[in-house]
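The values are calculated or read from the model by the stated rules, or taken from the named source; none is laboratory data. All values reported here derive from a predicted model rather than from experimental measurement. Positions of Cβ are backbone-derived with ideal geometry, glycine not excepted, and every protein chain shown enters the neighbour counts.
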């Protein structure tokens, strides 16, 4: 899908033709759309397809008057265990006073721009647009990191009394998400550091401060990611032991109950033999045996209780 936008009278307007200063967004584009833009702007044929490869790492490339920037953006989706977080690449191409963004999936970051939630956004200010995209991207990482921390707290509360592995699997999924985030954030940081050495920022000194803010926001996300991952890793190990202890406690109680109940079962088996047994001629024989069973079972229960088996 291809959509073209242009800032007209300080408002973002969707148009049908390519114009100077416009923004072209490709979401899961067709081969015809890719080939059409590549031919129209004489792009390097690897630029647009690179962002459609979900294994592509963050990087920046320059070829004459063409610039390709690939960054990883966070993505959340629902699964059987709640929500899982991952990252997907998004490509940004600057060429001929036009900026092109391309991604395989719908992104809330792009939606923020198309629905005009970003202040000071104009499609023809390409350098600032890129920095605003990167800043929004870093902010989205921070927001998702807070969601992951909140989700892990809720899972930990359930794990304290859990005997199943479901909560443990949820923690492992969240921890894997943090690994994806950490790797992607570090790749994005390398892109930003390289951008600081590029000529385009030297032409617009007012944008250099915005880049500093982007780098600070991204580093904050990296630090939070490392902290959350360390906490979650240690918590997962601890709660794995807790689940094991909970299971051991249940088994211990069941074993103690079995021992207590085995006493009357043993006496009933002995008095049920087809041989002469004590009290078989007594009218109160049944109650005597029952009393003996209760006394022995009570003694066994007291002994086990003192040994903290209950």
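What the table below lists for this structure:
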quantity: Selection from segment 57-80 of residues that are in contact with a helix residue (DSSP H, G or I) (Cβ under 7 Å, 6 or more places away or on another chain), more than 13 Å from residue 93 (Cα to Cα) and buried (at least 17 other Cβ atoms within 10 Å of the Cβ); calculated: 58, 72, 73, 74
quantity: Subset of segment 89-112 [under 24 Å from the mean Cα position of the chain (by Cα) and not in a loop (DSSP other than H, G, I, E, B)]; calculated: 89, 90, 91, 102, 103, 108, 109, 110, 111, 112
quantity: Per-region count, segment 62-110, residues farther than 23 Å from residue 44 by Cβ, free of Cβ contacts under 8 Å to residues at least 12 places away in the same chain and out of contact with any strand residue (DSSP E or B) (no Cβ under 7 Å at 6 or more places or on another chain); calculated: 2
quantity: Residue in segment 209-229 that is loosely packed, with under 14 Cβ neighbours inside 10 Å, assigned by TED's automatic domain parsing to the domain that holds residue 133 and more than 28 Å from the chain's Cα centre (by Cα) present; calculated: yes
quantity: Residue that is more than 53 Å from the chain's Cα centre (by Cα) and on the phi < 0 side of the Ramachandran plot, where the choices are 297, 262, 269; calculated: 269
quantity: Residue count for segment 115-128, restricted to those that are part of a helix (DSSP H, G or I) and touching a strand residue (DSSP E or B) at 6+ places or on another chain (Cβ under 6 Å); calculated: 1
quantity: Residue 45 vs. criteria in the same structural domain as residue 146 (by TED's automatic domain parsing) and surrounded by 14 or more Cβ atoms within 10 Å (Cβ to Cβ); calculated: no
quantity: Residue within segment 274-284 that is modelled with pLDDT of 85 or more, over 30 Å from residue 120 (Cβ atoms) and loosely packed, with under 14 Cβ neighbours inside 10 Å present; calculated: no
quantity: Yes/no for residue 81 being modelled with pLDDT under 90 and under 16 Å from residue 194 (Cα atoms); calculated: no
quantity: Tally of residues being closer than 19 Å to residue 139 by Cβ and in contact with a helix residue (DSSP H, G or I) (Cβ under 7 Å, 6 or more places away or on another chain) across segment 84-100; calculated: 6
quantity: Count - residues of segment 97-107 that are more than 19 Å from residue 121 (Cα to Cα) and surrounded by fewer than 21 Cβ atoms within 10 Å (Cβ to Cβ); calculated: 3
quantity: Residues located in segment 15-61, provided they are part of a strand (DSSP E or B) and without any contact (Cβ under 8 Å) to a residue 40 or more places away in the chain; calculated: 15, 61
